[in-house]
1. Can you pull out the helices (runs of 4 or more DSSP H) entirely within region 1-104 that have at least 2 residues that are under 24 Å from residue 120 (Cα atoms) and at pLDDT 95 or above?
2. Restricting attention to region 105-129, and to residues there that are in a helix (DSSP H, G or I) and in contact (Cβ under 8 Å) with a residue 12 or more places away in the chain, which single residue is farthest from the chain's Cα centre (by Cα)?
3. Among residues belonging to region 56-75 that are without any contact (Cβ under 8 Å) to a residue 24 or more places away in the chain and loosely packed, with under 15 Cβ neighbours inside 10 Å, point out the one that is farthest from residue 37 (Cα to Cα).
4. Out of curiosity, is residue 104 more than 21 Å from residue 10 (Cβ to Cβ) and in contact with a strand residue (DSSP E or B) (Cβ under 9 Å, 6 or more places away or on another chain)?
């Protein structure tokens, strides 16, 4: 099961061939979107030159994915990993750490094209499409 990072979703919206093929190839496997990625998508939609079309893309995405909020377990994982990464001097942007915490808490594979943003996070399963 996969948690799609915001960059992967944006590339899907832009019909990136590799992303589209990977999603179609795994159409029987549940795909998830985090509340944080949804926030980032709406932020981009309302800043775009065509907010209505972007909101329609988001609506269609939500019909075909499962939505996962930042829950108590993910918050605990966030705090733990933030402290660990801070101690070793390898901090990650907080929103990326929150998204990864959701993936870890649900035992999902995080699909991203920004592997570098997530590579220091312990127990995170990553795939780059």
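1. On the way: elements: 6-13, 17-25, 35-47, 51-63, 72-87.
By residue number, 6-13, 35-47, 72-87.
2. Just the residues of region 105-129 that are in a helix (DSSP H, G or I), to begin with: 105, 115-118.
Filter once more, so that each one left must be in contact (Cβ under 8 Å) with a residue 12 or more places away in the chain: 105, 115, 117-118.
Values: 105: 13, 115: 12, 117: 12, 118: 11 Å.
The selected residue is 105.
3. Narrowing region 56-75 to residues without any contact (Cβ under 8 Å) to a residue 24 or more places away in the chain: 56, 58-60, 63, 72.
Next, from what is left, pick out any that are loosely packed, with under 15 Cβ neighbours inside 10 Å: 56, 59-60, 63, 72.
Values: 56: 16, 59: 13, 60: 15, 63: 15, 72: 18 Å.
Across region 56-75, the extreme among qualifying residues is 72.
4. Values: more than 21 Å from residue 10 (Cβ to Cβ): yes; in contact with a strand residue (DSSP E or B) (Cβ under 9 Å, 6 or more places away or on another chain): yes.
Spelling it out, residue 104 is indeed more than 21 Å from residue 10 (Cβ to Cβ) and in contact with a strand residue (DSSP E or B) (Cβ under 9 Å, 6 or more places away or on another chain).
Quick grid of which residues meet (1) touching a strand residue (DSSP E or B) at 6+ places or on another chain (Cβ under 7 Å); (2) farther than 22 Å from residue 113 by Cα:
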{"position": "2", "(1), (2)": "yes, no"}
{"position": "25", "(1), (2)": "no, no"}
{"position": "36", "(1), (2)": "no, no"}
{"position": "87", "(1), (2)": "no, yes"}
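The values are calculated or read from the model by the stated rules, or taken from the named source; none is laboratory data. Keep in mind it's a predicted model, so treat the numbers as computed, not measured. Glycine gets a Cβ as well: all are built from the backbone with ideal geometry, and neighbour counts include every protein chain shown.
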